[in-house]
Amino acid sequence: MSNIKRLVVPISLLWVTFDLAFFPKIAFGQDSLFSAPVYYNLGYGLSAVSATDLDGDGDIDLAVTDNDDYTVKILLNNGLGGFAEVGSYDVGANPIGVFAADLDGDNDNDLCVANDISQDASVLINDGAGTFQSAVNYGVSGRTYDVNLADVDGDDDKDMIVAVFSTHSVAVLKNNGDGTFSSPSYYQGGTVPHSIFLADFDGDNDLDIAAANTGSGDISIFFNAGDGTFLNHVEYPVWNDPISIFGSDLNEDNTIDLAVASMGQNSAVVLTNNGGGVFTVVGQYPVGSDPYSIRLADFNWDGKKDIVVSNLHSDNFNILLGNGDGTFIQNRSYATADPYKITSADFDNDSDEDLAVPCFEAGQLLVFFNQLCNPTGIDNQSPSRPNQFELAQNYPNPFNAQTAIAYVLPHDSHVRIAICNLLGQTIETLVDLNQSAGYHQVLWDATAAPTGIYFYRIETSDYAMTRKMLLAK
């Protein structure tokens, strides 16, 4: 199992009382969207991550490529956003991209990995529980940098699309229907394609390809003829070194727009779609040094797509909040170490978008939890006095080394909250005083406690409740 740690912000108060609201997660600051990260030591060379359900339990797991030991590592989610590494599978040389989809029609998610130096893509078929068969490699006659899986020929199975940057081409390998693939067809647009994204850009109900071309400083749009062939393409300049591309509807006109990370300009470039697959650059936004990957998601839960950009040499990522009209405002940056290909998903099942960041040199995968939504499950929105006692599950859980315990008092009470070990012995008392009715929260700093299972118990004159938590250092 991976070594799991959490960076924490010191908090001087042992307990805090709130009239109507909790701090849902321990944050970097009052205006921070994300909590301090949980980080997983997986080894030097982490290059990309895919987030999807791999074991069929309904929560989001992770597949992480290791560019140094030529593997893809599988981390399964415990349902609360905690991950455990359960397997590592050999792929080709220098894996640099990973994508998940059901390739063989058995309703579980398989994996495809783009391998740079071995000039191929590895397909790993899922046995259904998050374990995988040995990789089958498909050559693409050039160095690769990205891979995508999508149905481009309309036969309801997922085909493979690979960015082959050394031959300035995009390779399309059609699925035979059973998770095996045909020989590649190659399509050339701009030079040195590094990143690809697929969507129906021209509104004809098939999937087109967008490629970010680092060499020629532009993006290519390859239009699908309807059968998975791409004979027509057009290029749009986007300044220097566009290295990553992603799409979504950014201006609420029901068309797919594009956001591009421009490494040469240290910026995020936004292009809007006129509805026919014709794009216009409408904005350029400064980010950190050498932006390396870009993604779009609604991070602040306002129904509008936002931008996240990982910046390789300034060791951070930026969040740009969308206005819903194709323009963005700067939110803030978050410190990481050499972040590579970032991804987002709801890891802790609280209905907001969290982030997974592979850090190449540091050998760590960082998971940032969005603290917009209330993870406790306690309804603290009503202005009326609560009508019953409640003790929420601590958050985060598992944790290292601080966790928050939220509770509700329906009337003024003398409250005692204690931490107990597996033998039932009290090791620390967090609260022992009279408190008014309302919503409360206490923080346990477990820096001095060893890894293990602990219990926390609340007692009043007419209520008692015990819950379990896991300290993982």
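Of all the numbered requirements in (1) part of a loop (DSSP other than H, G, I, E, B); (2) in contact with a Lys or Arg (Cβ under 8 Å, 6 or more places away or on another chain); (3) of a type in the set (G, A, S), G97 misses one, and that requirement is (1). In this structure, S118 does satisfy being touching a residue at least 24 places away in the same chain (Cβ under 8 Å), assigned to a loop (DSSP other than H, G, I, E, B) and surrounded by fewer than 21 Cβ atoms within 10 Å (Cβ to Cβ).
Go through the residues of segment 313-327 one by one and say whether even a single one is touching an Asp or Glu at 6+ places or on another chain (Cβ under 9 Å) and of a type in the set (V, I, T). Yes, the conditions are met somewhere in segment 313-327.
Checking the condition surrounded by fewer than 16 Cβ atoms within 10 Å (Cβ to Cβ) and over 31 Å from the mean Cα position of the chain (by Cα), which residue from L430, L409, L422 passes?
Numbers: L430 fails: surrounded by fewer than 16 Cβ atoms within 10 Å (Cβ to Cβ); L409 fails: surrounded by fewer than 16 Cβ atoms within 10 Å (Cβ to Cβ).
That would be L422, the only listed residue that is surrounded by fewer than 16 Cβ atoms within 10 Å (Cβ to Cβ) and over 31 Å from the mean Cα position of the chain (by Cα).
When D108 is tested against (1) free of Cβ contacts under 8 Å to residues at least 40 places away in the same chain; (2) open to solvent by less than 50 Å² (accessible area, probe 1.4 Å); (3) over 19 Å from S47 (Cβ atoms), exactly one condition is not met: (1).
With D61, D90 as the choices, which residue is open to solvent by 10 Å² or more (accessible area, probe 1.4 Å) and not aliphatic (A, V, I, L, M)?
Values: D61 fails: open to solvent by 10 Å² or more (accessible area, probe 1.4 Å).
Just one listed residue meets the conditions, D90.
Taking first residues from segment 237-257 that are closer than 17 Å to D302 by Cα and partners that are hydroxyl-bearing (S, T, Y) and crowded, with 18+ Cβ neighbours inside 10 Å, the Cβ contacts under 6 Å between residues at least 6 apart in sequence or on separate chains come to N251/T272. Screening segment 198-258 for strands (runs of 3 or more DSSP E) wholly inside it with 1 or more residues that are at pLDDT 95 or above and farther than 20 Å from V147 by Cα returns the ranges 232-237. When segment 359-398 is limited to residues that are among the aliphatic types (A, V, I, L, M) and open to solvent by less than 40 Å² (accessible area, probe 1.4 Å), the one that is modelled with the lowest pLDDT turns out to be I378. Among the residues of segment 151-175, those that are outside any strand (DSSP E or B) and not charged (D, E, K, R) comprise V152, G154, F165, S166, T167, H168. Within segment 442-463, how many residues turn out to be touching a Phe, Trp or Tyr at 6+ places or on another chain (Cβ under 8 Å) and either among the small types (G, A, S) or not in a loop (DSSP other than H, G, I, E, B) (or both)? The qualifying residues number 6. Selection of segment 293-312 for residues being open to solvent by 10 Å² or more (accessible area, probe 1.4 Å), touching an Asp or Glu at 6+ places or on another chain (Cβ under 9 Å) and under 20 Å from A51 (Cβ atoms) yields L296, D298, N300, W301, K305. Against the criterion of being polar (S, T, N, Q), within 24 Å of I60 (Cα to Cα) and touching a residue at least 24 places away in the same chain (Cβ under 8 Å), T144 does not qualify. Taking segment 271-292 as the range and being crowded, with 24+ Cβ neighbours inside 10 Å and over 20 Å from H313 (Cα atoms) as the test, only N273 passes.
Looking only at segment 176-190, which residues are in contact (Cβ under 8 Å) with a residue 12 or more places away in the chain, touching a strand residue (DSSP E or B) at 6+ places or on another chain (Cβ under 7 Å), under 22 Å from A135 (Cβ atoms) and in a loop (DSSP other than H, G, I, E, B)? Result: G179, P184. Restricting segment 325-352 to residues that are in contact with a Gly (Cβ under 9 Å, 6 or more places away or on another chain) and among the small types (G, A, S), the residue that is most open to solvent (accessible area, probe 1.4 Å) is S333. When I294 is tested against (1) under 18 Å from P242 (Cα atoms); (2) more than 16 Å from the chain's Cα centre (by Cα); (3) among the β-branched types (V, I, T), exactly one condition is not met: (2).
Rundown of residues vs (1) more than 21 Å from Q364 (Cβ to Cβ); (2) at pLDDT below 95; (3) open to solvent by 10 Å² or more (accessible area, probe 1.4 Å); (4) outside any strand (DSSP E or B), yes/no style:
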residue: F23; (1), (2), (3), (4): yes, yes, yes, yes
residue: A48; (1), (2), (3), (4): no, no, no, no
residue: D57; (1), (2), (3), (4): yes, yes, yes, yes
residue: D69; (1), (2), (3), (4): no, no, yes, yes
residue: V72; (1), (2), (3), (4): no, no, no, no
residue: L75; (1), (2), (3), (4): no, no, no, no
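The rows are residues; the columns are (1) open to solvent by less than 20 Å² (accessible area, probe 1.4 Å); (2) within 33 Å of the chain's Cα centre (by Cα).
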{"position": "N434", "(1), (2)": "no, no"}
{"position": "D445", "(1), (2)": "no, yes"}
{"position": "Y456", "(1), (2)": "yes, yes"}
{"position": "D462", "(1), (2)": "no, no"}
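The values are calculated or read from the model by the stated rules, or taken from the named source; none is laboratory data. Quick caveat, the model's predicted, so the values are computed rather than measured. No Cβ is skipped: glycine too gets one built from the backbone with ideal geometry, and neighbour counts run over all protein chains shown. Note: accessible area is taken over every heavy atom of the protein model, side chains too, but ligands, DNA and RNA are not part of it. Shrake-Rupley method; radii C 1.70, N 1.55, O 1.52, S 1.80 Å.
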